[in-house]
Amino acid sequence: MFKKVLPSLLIVVSALCFNLAWGKSNAEALPKKITIGLTPGGKPEVIREQAIAMAKEIQTEFGLPVEIFMSTDYSGLIEAMKNKKVDFAFFSSLTFVQAEDVAGAKVLLKRVWSEPFYFSALVVRQDSKIKSVDQLKGKKVAFVDKNSTSGYLYPQVMLKKKNISEAQFGEVVFSGNHAQSIEMLEQKKTDAVAVFADDEKGKTGAWTKFSKNKNLKFKPLWISDPIPTDPFCVQKDFYETYPKFTHSLMFLLIDLFTQNKNSRKYAEVLGTHDLLPATSKQYDPVREMVKSLNLEVK
C-alpha cells in the first residue's frame, strides 16, 4: 500500500503478528510502530524497492508496523526527524551533522561501499577538452543538492580555496541525485558533475555505478580529502525511550547485511562492503567543512 505525503513518499508495510519472543526476553515495551527515513541519493526506484523488502523483514522480526519515509531532498529528511515523523534515518554525512544539531539525531551505524571513507569528485567525460577545474569557468556544471556532502559542499570548499565562484560558471544546475547527474553528463546536458568517488584516485564512483553506457569513459578533474561514510541514526528521544529495541534493530540490520552481502539484496540501502558501528566524533571532518563554508544549520 502506498500513501503519498508531499513532498515525500511514505510507504506503509502491512502489520504482521506480534513476535512473542521479544516480549518474553525484554522488559522494555515495543514502540507501536517505527518509521525509517531515506533520501533517493542513487536510483530512487531501487532504493524504494529494497527499503520495502527490508521493512518487511524488520516487522517479521519484531511484529510491529514499519513505515518507509522517502524524502525528496536532504533538508526534508532533517525536518521529518525534527518533527518526529521518522524514528530512524539513513543520512548523508552533512545531513547527520545538521540533524544532530537541530533534530536530535544520534548516530548508530555507518554504511560502507568501498572503504570507511568516500570522496567527492568533479568529473567530465573522457572526450571533454576540459583538463582542469579552472577550465570550468563559463561551463555548465551539475551538482546534486545544496545539502549534498560530496555532490556540492566539498567541491565548494575547494572552489573557495581557488577563488572560483559559481557566478564564473556558465550555468549551475541541481540534478537531485547522483544517478541523474551521471545521466546528464552522458547525454551532454552538462559539461561537468560533482558526485561521489569510492577511492582517492577516482578509479570508481558514481560514474562507474550509474553509467548506462559502459563504453563511455569519464575522468575526474579533482578528488577531495576523505569523507566519513553515510550514517544510520535514531532520533534521540526515541532512543531514550526504547534503547533495547534500538540496539536490537542495529544488530538485525547488521545480520541482514551479512546474510545478503553476496546477493546485494540491500546494497542500495545498507551498503556493499560493510555496516559498522559509528560515533559522532568520526564526523569531525564534516564539521570542519561546515565551519569553513560558514554553513547555516537549519
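Structure notes:
- Failed condition for V107, given (1) in a strand (DSSP E or B); (2) modelled with pLDDT under 95: (2)
- Scanning the stretch 154-172 for residues that are free of Cβ contacts under 8 Å to residues at least 40 places away in the same chain and either polar (S, T, N, Q) or touching a Leu at 6+ places or on another chain (Cβ under 7 Å) (or both) yields a total of 4.
- Test result for Q156, over 23 Å from the mean Cα position of the chain (by Cα) and either outside any loop (DSSP other than H, G, I, E, B) or over 17 Å from S224 (Cβ atoms) (or both): no
- Residue count, the stretch 93-109 (criterion: more than 15 Å from L276 (Cα to Cα) and either buried (at least 18 other Cβ atoms within 10 Å of the Cβ) or within 15 Å of the chain's Cα centre (by Cα) (or both)): 10
- Of the criteria (1) touching a residue at least 12 places away in the same chain (Cβ under 8 Å); (2) more than 30 Å from V193 (Cβ to Cβ), which one E240 fails: (1)
- The set of residues in the stretch 205-236 being β-branched (V, I, T) and more than 29 Å from I36 (Cα to Cα) consists of I223 alone.
- Meets criteria (surrounded by fewer than 24 Cβ atoms within 10 Å (Cβ to Cβ), within 20 Å of G37 (Cα to Cα), touching a Leu at 6+ places or on another chain (Cβ under 7 Å) and among the hydrophobic types (A, V, I, L, M, F, W, C)) for V112: yes
- Of all residues in the stretch 173-191 being assigned to a loop (DSSP other than H, G, I, E, B) and free of Cβ contacts under 8 Å to residues at least 60 places away in the same chain, the one that is surrounded by the fewest Cβ atoms within 10 Å (Cβ to Cβ): Q187
- Count of the stretch 192-219 residues, restricted to those that are surrounded by 19 or more Cβ atoms within 10 Å (Cβ to Cβ) and closer than 20 Å to K129 by Cα, is 7.
- Residues of the stretch 237-273 that turn out to be closer than 22 Å to T149 by Cβ and over 17 Å from the mean Cα position of the chain (by Cα), as a count: 0
- Boolean, G151 is in contact (Cβ under 8 Å) with a residue 24 or more places away in the chain, exposed (fewer than 14 other Cβ atoms within 10 Å of the Cβ), of a type outside the set (D, E) and over 13 Å from V124 (Cβ atoms): no
The values are calculated or read from the model by the stated rules, or taken from the named source; none is laboratory data. Since this is a predicted model, take the numbers as computed values, not measurements. For neighbour counting, all protein chains shown are included, and Cβ atoms are generated from backbone atoms with ideal geometry for every residue, glycine included.
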